[in-house]
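Scroll down for the structure; my scribbles are underneath it.
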Amino acid sequence: MLRQNWWKILCVILLLYTFTAGFLGGVPAKPILNETIRNLYFHVAMWFGMMIFLITSVVYAVKYLRTTNPVFDIYSVEYAKTGIAFGVLGLLTGSIWARYTWGDFWSNDPKQLGAAIALLIYFAYLVLRNSMTDIDKRASISAVYNIFAFAMLFPTIWIIPRMVESLHPGGMGNPASFSEKDIDSRMRIIFWFAAVPGWTLFGTWITTLFIRVKFLMEKKLSNA
């Protein structure tokens, strides 16, 4: 049992450490950011998790198109749902961070707008799936749309916001927040070795539970 669940135990340990460091650990005193820099362990780590889950989802979508194996379709949609959930959480935590650094929850910053558009595209993916009753047609069309939605992440989140003036780190004239000027070595270690893997394992845990439920429902329907 322990051999099978070691990664879940590791997930709990990493997230406990992340929360402890996030709320109680020491952080550098930086102008404007001040204590809000603690949100790095939550907002940014969740966005990293989102990208990992959406990459996993699109990989399974491609696998489905190559093999038409319905198992790949289930994996694809469940990882997409987890990625969307992490994206929403990332947007909410980012809005809270913006309130205390930029003065408002929403300021129509290019990064905020791009993130909102990307999530709306993925919400349309879920709507598209629910609009079709034919299982094979739904899986094929949604797999193609999944590839399109993933491709749209690059201009909406990574390219356009970096080409224009932005309050968000990473925009033109505003360097990304992973330099020595923004965070120190202790924060960098916690972020890369606790926050990112911790949230990613947590999302994977949730996804595997939903996949198991989906398989049980499919088995129940086939036996009915």
Completion exercise
Across (1) touching a Ser or Thr at 6+ places or on another chain (Cβ under 6 Å); (2) under 21 Å from Gly90 (Cα atoms), Ile55 clears everything bar (1)
Practice task
Pick out, from the stretch 23-133, the helices (runs of 4 or more DSSP H) lying fully within it that include 3 or more residues that are over 26 Å from Ile211 (Cβ atoms).
Solution key: 70-101, 110-130
Fill in the blank from the handout: Of the residues in the stretch 1-18, those that are surrounded by fewer than 20 Cβ atoms within 10 Å (Cβ to Cβ) and closer than 23 Å to Pro169 by Cα come to none
Problem - Boolean, Arg66 is open to solvent by 20 Å² or more (accessible area, probe 1.4 Å) and within 19 Å of Leu113 (Cβ to Cβ) - result: no
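The values are calculated or read from the model by the stated rules, or taken from the named source; none is laboratory data. Since the model is a prediction, treat every value here as computed from it, not as a measurement. A quick note on method: Cβ atoms are made from the backbone with ideal geometry, for glycine too, and the neighbour counts reach across all protein chains shown. We work out accessible area using only protein heavy atoms, side chains counted, and drop any ligands, DNA or RNA first. Shrake-Rupley method; radii C 1.70, N 1.55, O 1.52, S 1.80 Å.
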